[in-house]
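A short worksheet on the structure shown next.
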Amino acid sequence: MKSGALRASVQLSRSTFTLDVDIAVAAGETVAVVGPNGAGKSTLLSIVAGLLVPEAGRIEIAGVAVDDVAAGIHVPPERRAVGLVFQDHLLFPHLSALENVAFGLRSRGVPKPEARQRAAVWLERLGVAHRAGARPRSLSGGEAQRVALARSLAIEPDVLLLDEPLSALDVETRDRVRSELRTHLAGFAGPRVVVTHDPVEAMVLADRMVVLEGGRVSHDGTPAELTRHPRTHYVARFVGLNLYCGQASGSTLDVDGGGRIVAAPDEPVEGQAAATVRPQAVSLHLQRPEGTPRNVWPGRVVGVDATGERVRVEVESEPPVIAEITPAALADLRLASGDEVWVSIKATDVHLEPA
C-alpha cells in the first residue's frame, strides 16, 4: 500500500442530476460524504472505485492518475488499489468467511495457499478468526460487516471506500460495531471515505464531512464547523438544528417564507442573516404559554418520531420547527399528528448571525 492522498474532480450526468464534485482526502483522514437521497454519494464512490467512468475530470490516488478523461486514462476497478465495502456486504454465499477474504487476493494473482494465509491474518485482526469456516448466512450482521472489511483491507488498498457500512445492522449491533469500525479505520494509513445517512455515524467516524446536494458540494468542514455554521436546511437538519434564513434588523429576523424570530445577540445584526435553534430548546404547549418567552407562535403537529430517549416532533407553522422532547413530556401532552400546539423559544436560545 502506498500512502498518499485521494484527489477527485469529476463530472457525470445522470437521469435526475449532474454530478460535479471536487474532493480531496488526505492519507490517514476519514471523510464522511453525506446528503439527501439522490444527491450523488454512491455515484461518487462508484467513480472513484472505477465502476463508473466520468464524462470529464481526473482522479489521482497516491499521486497516480486512475482516471483522466482528457488524456484517455481509465484504470479498471480490478487494477485499482481501492477497497470497497458495500452496505449489504456482498459476501459470496457459497464461500466461507476465509474464502471470501481470500477471493480479492486470488483475483489479483496471489497463489491460493498464500491468499488463505493472509486472509486468516485479517480475520484474526478483525476478531472473527473463529468464524473462518462459516458461510455468510450463518454470520451475524456485525460478523459479516467485519468479514467484508477484512476482504477490502486484505488487498492492501491505497484508498478505502465504505458505502453505508452499518445500515444493514440492527440498532444495538450498529452502536457496538460503530465503535469497532472507528478503531479499524484509525489503523488504515490511506484515505478513507464513508458514505452515510446517519449523523451519529458521520460525527463519530469522520474527521471531516462533505455534503452533497443535487450532485454538488454544498458544505465541506469538520463536524464542529457544520454544527456551528450550517449553510443549508439539509445540513441544519442533519446536525440536529432548526435553521431560519431571512432579513435581520437588530435582534429580529423576518424569516423567508413567513414568520419572525427574536434572538438576544451580543451585537445587533442587519441585512441577510441566519438563525439556528436546537430542537431541545423548543417547548411545546397545548395552550398559549404564560410568562416571558420572546418567541411564541401556533402550529400543527405533522410528525412524531421516537429516537432512543428523545422524541422529535415536527410542527408545521410560520416558521416551521422541530422540537425534541422527552417521552414523559410526550405522554403528558398526548401529542399526535394533526394536533394543534403552541411553540415557545427563549430569545437566548436563538443564535443569530449574518449570512
### Summary
When restricted to V239, V262, V296, V255, the only residue modelled with pLDDT of 90 or more, β-branched (V, I, T) and within 31 Å of the chain's Cα centre (by Cα) is V255
### Message
Consider segment 71-98. How many of its residues are within 21 Å of R14 (Cβ to Cβ), among the aliphatic types (A, V, I, L, M) and not in a strand (DSSP E or B)?
### Response
0
### Task
Looking at (1) closer than 30 Å to V128 by Cα; (2) hydrophobic (A, V, I, L, M, F, W, C); (3) at pLDDT below 95, find the lone condition where V31 falls short.
(3)
### Task
State whether one or more residues within segment 29-39 are without any contact (Cβ under 8 Å) to a residue 60 or more places away in the chain, in contact with a Lys or Arg (Cβ under 7 Å, 6 or more places away or on another chain), of a type outside the set (K, R) and within 24 Å of P76 (Cβ to Cβ).
no
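From the list A224, A150, A202, A236, pick out the single residue that is in a helix (DSSP H, G or I) and without any contact (Cβ under 8 Å) to a residue 12 or more places away in the chain.
Numbers: A150 fails: without any contact (Cβ under 8 Å) to a residue 12 or more places away in the chain; A202 fails: without any contact (Cβ under 8 Å) to a residue 12 or more places away in the chain; A236 fails: without any contact (Cβ under 8 Å) to a residue 12 or more places away in the chain.
Sole residue among the options that is in a helix (DSSP H, G or I) and without any contact (Cβ under 8 Å) to a residue 12 or more places away in the chain: A224.
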### Message
Return the residues of segment 80-119 that are touching a Ser or Thr at 6+ places or on another chain (Cβ under 7 Å) and surrounded by fewer than 17 Cβ atoms within 10 Å (Cβ to Cβ); say none if nothing qualifies.
### Response
none
### Query
In segment 237-289, what residues are under 30 Å from A331 (Cα atoms) and exposed (fewer than 13 other Cβ atoms within 10 Å of the Cβ)?
Q287, R288
### Summary
Scanning segment 197-236 for residues that are farther than 23 Å from A27 by Cα and crowded, with 21+ Cβ neighbours inside 10 Å gives G215, P230, V235, A236
### Query
Name the residues in segment 299-325 that are within 23 Å of the chain's Cα centre (by Cα) and surrounded by 13 or more Cβ atoms within 10 Å (Cβ to Cβ), would you?
V304, R310, V311, R312, V313, E314, V321, I322, A323, E324
### Query
Taking the condition among the hydrophobic types (A, V, I, L, M, F, W, C), closer than 22 Å to A39 by Cβ, modelled with pLDDT of 90 or more and out of contact with any Lys or Arg (no Cβ under 8 Å at 6 or more places or on another chain), does M203 pass?
no
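The values are calculated or read from the model by the stated rules, or taken from the named source; none is laboratory data. Fair warning: this is a prediction, and the values are worked out from it, not measured in the lab. Virtual Cβ from ideal backbone geometry, glycine too; neighbours counted across all protein chains shown.
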